[in-house]
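In what follows, a structure is listed as structure tokens, so that the remarks can point back to it.
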Amino acid sequence: MGVKTYSQEMESPVVAGRMFKALCLDDHLAPKLMPQQFKSLEFLQGDPMSPGSIRQLNFAEGIPYKYMKQRIDEVDVNNFYYKYTTFEGGVLGKGYECIVIETKIDVKGNGCAVKLNVHFHPLPGTEISDEDAVVKMSQEKSRILVKTLEEYLLANPQAFA
């Protein structure tokens, strides 16, 4: 079947540039703020700013998946756009060939709007429904991550300034 795409938008009082740096370009903040979810994030090749770079997100104990490998596809710092592909680990192999995530952060008033487009590419012969548990979990985890970063950035006004 075809690719299943969902879009999600979350507004935040944090300015767009700070949210972009924290969400897309930092490789230590999510594991620091959410150790119950993430053990570590490490670059196996390259860095957060370079398309083609490979990073590995290692999950905390108790999470049903050990790790995910992601390839950075596109980075546009001036327009707060970041695109990457999860190509190994996590839910892949359980109905998914890869997952492509596009993050676009727009200025909105004194804050920002975080827009996510997530494209789930199914394995051949697999169909992804609107009620798919992985899709729903992905939406909720994204919301929690953005809100956690927002709380941190509001409490630490010098971070990523």
Cα axis of helix 133-155 to longest principal axis of the chain: angle in degrees, 0 to 90, nearest 10? 10 degrees
Please check which bits of segment 70-103 a label hung off Ile54 would reach, taking the label as a point 7 Å along Cα-to-C-beta and the cut-off as backbone N under 12 Å. 70-72, 87-89
Counting only GluC sites (Glu not before Pro) that sit in a DSSP loop (anything but H, G, I, E, B) with at most 12 other Cβ atoms within 10 Å, what is the longest stretch of the chain containing none of them? 62-126
On a 1.4 Å probe surface of the protein chains, which of Ile101, Ile63 comes out largest in accessible area, and what is the full order? Ile63, Ile101
May I ask you to derive the FRET efficiency for Ser40 and Glu127 from their Cβ-Cβ distance with R0 = 30 Å, giving the value to the nearest 0.05? 0.30
Heavy atoms only, 1.4 Å probe, whole protein assembly: order Met49, Met68 by accessible area, highest first. Met49, Met68
Given a cut-off of 20 Å, name the pairs among Lys66/Lys141; Lys4/Lys83; Lys39/Lys69; Lys66/Lys104; Lys39/Lys83; Lys21/Lys83 whose C-alpha atoms lie farther apart than that in the structure shown. Lys66/Lys104; Lys39/Lys83
Inverse of <1/r> over all distinct C-alpha pairs of segment 1-58, i.e. the Kirkwood Rh in Å, gives 13.6 Å
If the convex hull is drawn through the Cα atoms of segment 96-153, its volume per residue in Å³: 85 Å³
Potential lengthening between Asp73 and Glu151 on full extension [0.36 nm per residue; Cα-Cα distance subtracted]: 25.3 nm
Just the number: Rg to Rh for the chain, Cα atoms, Kirkwood Rh, two decimals. 0.95
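The values are calculated or read from the model by the stated rules, or taken from the named source; none is laboratory data. None of the values given here were measured: they were computed from a predicted structure. Here the Cβ is made from the backbone with ideal geometry for all residues, glycine too, and neighbour counts use every protein chain on show. Heads up: the accessible areas ignore ligands, DNA and RNA and are worked out on the full protein's heavy atoms, side chains in. Shrake-Rupley method; radii C 1.70, N 1.55, O 1.52, S 1.80 Å.
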